[in-house]
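Where a number appears in this text, it was derived from the coordinates with a stated rule and is not lab data. Since we're looking at a predicted model, the values are computed, not measured. Cβ placement follows ideal geometry from the backbone for every residue including glycine, while neighbour counts extend to all protein chains displayed.
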Amino acid sequence: MIFNIIFATSIYVSLDKTFFIEWLLFPLIIFCSRAIDVSLGTLRSVLASKGMKKMVPFIGFFEVLFWLFAISTVMKNLSNFMCYLGWAGGYATGIYIGLSIEEKLAIGTQVIRVFSQQNTNKLIDALVESNYSYTILDGEGKKGAVKLIFIVVKRKDVKHVTDIIHQYSPQALYSIEDVKRAKGLATYNGETTPKTSGFFKGLLPFSK
């Protein structure tokens, strides 16, 4: 009687352990691995589009490493549909995480084009006071003369510049576009972007 109870208990524990490993642990491992590799892939694509070629190979190395780990786990558990859900869920999560990381880092440079028919003297004074460089041109639009102001800034400073535009020229139209490469930008704290020196320093796109 006691032997039967012990035997039944051991079978239950074994089945419970197998269920945990195959239906919970493996899908979770696949989910995490896929989320990491897709996050790195998304970040790599964004950095590549910005011309940061020194950082991209290192990210690509770890991206493929995690992808191989995820795909090998799936191939060993093709009959487990939870692994497919973990793969798909990790892919979707990885895209979101990668874009969120890139947005938080605010890597790169952007150009803000301002089109205004109002007096832009106060706007220009505010830009100069905040140490932003600009170029202003005279143009002609549907309703007459237009001032065109071009401002190239670091991406992290874009919100501050747009706040200035809203404050001093609220009726102005402006557009924002990415710039692949720029040198000698003036930042809000009054410094100019230095030229990176050295191989390892150049690997960090967000290094000052």
Practice problem: Would you mind ranking Phe81, Phe31 by Cβ crowding within 10 Å, fewest neighbours first? | Solution: Phe81, Phe31
Quiz item: Peptides 69-79, 123-133: what's the order by average Cβ count within 10 Å, highest mean first?
Solution: 123-133, 69-79
Practice problem: Express in nm, to one decimal, how much length is gained between Ser175 and Leu85 on full extension, taking 0.36 nm for each residue of separation and deducting their alpha carbon distance. | Solution: 28.4 nm
Quiz item: Which FRET efficiency value, to the nearest 0.05, is calculated for Ile95 and Ala145 with the Förster distance at 41 angstrom and r the Cβ-Cβ distance?
Solution: 0.35
Quiz item: Count the lysine pairs in region 41-150 that are 8 or more places apart or on different chains: how many have C-alpha atoms under 30 angstrom apart?
Solution: 7
